[in-house]
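These notes concern the structure reproduced below.
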Amino acid sequence: MKTFCCFLLSFYCSNLLFAQSNFNTGFLPKIVVSKKLSNKNIWVNSLESRTFILDDNNEFSHSLVDISSIISIKTDFEQSFNFGYILRFRDDKTIHRIFQHYNFVSQLTSIKIAHRIAFEQFYQSKRQTIFRTRYRFTLEKPLSGERVDIKEFYLKLGNELLYDFTDLKIRITPYLGYQISKKDRIEFGLDYRLGEFIKNNTQNDLWFRTTWYISLN
Amino acid sequence: MKKILFFLLLIIVSSLQCQEKLEREYRIKSTEAPNKALDFIDKLNLPKKVKWYIETSNDGKTFEAKTCFENHLFSVEFSEKGILIDVEMKTSFSKIEASVKEKITKTFKDRFDKYRIKKTQFQYRGLQKELTKLFVKYYNNTIEVDVFYEIVVKGKKDKNYELYEFLFDAKGDLVKSLKFAIPNSDNLQF
């Protein structure tokens, strides 16, 4: 019931905003594969695709593909530093992105909370380098018991602020997750993105996201 | 023969020293709990909602009733047949008696290069009649129960951080220690 209310609230909020702004919607499937290299290091690779159901021209179109590779260095089991690279293919353009993350995850009685601070640099030929900062807060709540066990559902709520020194973007992400086995879990949900916030030319995107996390350990 | 005995002893000692804590907990409806356990909880007339869980761990399968009483989280554990095992109360490490706290702290300092206490629970064991008194006045020295301290610690040893659960008796002597499997948080990071 709580899950349903959250989804309903997200839809309601986004509908209010869509009325006078640019709106895109589509699918955002992602697969994340991680492999432990040592006690402190993990290698994470992901593949993400973006398809519009409804773009600015009200058409169905394929938008982009992201391939990423990350080395995550744990300072302890609650904190880590991630260093990564994303290769983005968008139309005939290729965008290179390098990023650095600091993660802090803590377990409360039944809720897990995570903070992520990120710095990103975008490189594209014939274009100036773009720098961006991000902060993300995520909360995970098991729907049964105090921890997410195998074959159990959980709720994940995220809020992220992105600032590229010219404008602010906000992301709200309510997901429903399922722990399939010890090594993999899947999440379904919405990824609502509000852009061009300061310039007053509001851009709304609502993505239906599915992410499959696989651990090869 | 001596060699075999030595190896057997080594296996027993190492398994007692630090077992891996395997635990699964899931919510159930109160109607799924054993009648004896339900009767016990009903008679307490607890002011807040009681949530029921099944917990499977290294020690077997148990039923747990969780509630909030006098600003503390309480967990009442029952066997499969509904026999009361213990009552746990979440509190802070500072609430432990000074001399006992000192002894426990020494254990942690001896075992780890660095440590941080993540969770402290008072565990009460004894007669059902005595344990019931915990819910009349949540803590009273005249209650005749055995007190244990269950403490979850994040400890650093040989440059590695691990999560442990320790059980100390009322004097602060170590009874049991279990190592937790570190939960996977990939979905919160990537």
Residues B:K48 and B:D110, FRET efficiency given R0 of 56 Å [Cβ-Cβ distance, rounded to 0.05]
0.90
On a full-extension model of 0.36 nm per residue, what is the gain between A:D92 and A:S61, subtracting their alpha-carbon distance, rounded to one decimal in nm?
9.7 nm
What pairs from A:K112/B:K101; B:K156/B:K179; A:K35/A:K183; B:K119/B:K176 go past 18 Å between their alpha carbons?
A:K112/B:K101
Could you tell me what % of all Cα pairs in the protein assembly as shown have separations over 28 Å?
58
Alpha carbons only, please: Rg and Dmax for the stretch A:2-215, in angstrom.
17.6, 53
Full-extension gain between A:S38 and A:F81, please, as 0.36 nm times their residue separation minus the C-alpha to C-alpha distance.
14.0 nm
Stick to the Cα atoms of the stretch B:68-190, pair each with every other, and give me the Kirkwood hydrodynamic radius in Å at one decimal.
15.9
Within a 10 angstrom radius of each residue's Cβ in B:175-186, how many Cβ atoms of other chains show up on average? Whole number is fine.
4
List the residues, sorted by chain then number, that are 5 or more residues from A:L143 or on another chain and whose placed amide H is less than 5 Å from its amide H.
A:F153, A:Y154, A:L155
With x for Gly and Pro, the residue-by-residue ³J(HN,Hα) of the stretch B:75-90, computed from phi through the Karplus equation 6.51 cos²θ - 1.76 cosθ + 1.60 at θ = phi - 60° and given in whole Hz, is 9, 9, 9, 10, 7, 4, 8, x, 7, 5, 9, 7, 10, 10, 10, 6
Under DSSP loop assignment and at most 12 Cβ neighbours within 10 Å, longest trypsin sites (Lys or Arg not before Pro)-free interval of chain A
A:1-125
Could you list B:E80, B:E55 so that the one with the fewest beta carbons within 10 Å of its beta carbon is first and the one with the most is last?
B:E80, B:E55
As a test of the formula, what do you get for the protein assembly as shown when each DSSP H run with n ≥ 4 contributes -39,500 (n - 2.57) and the sum is divided by the residue count, at 222 nm and rounded to the nearest 500 deg cm²/dmol?
-5000 deg cm²/dmol
If one computes the Cα centroid of the stretch A:180-204 and of the stretch B:84-120, what distance in Å separates the two points?
41
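A short reminder: the numbers here are calculations on the coordinates, not readings from a lab. All of these numbers come straight from a predicted model, not from anything done at the bench. Here the Cβ is made from the backbone with ideal geometry for all residues, glycine too, and neighbour counts use every protein chain on show.
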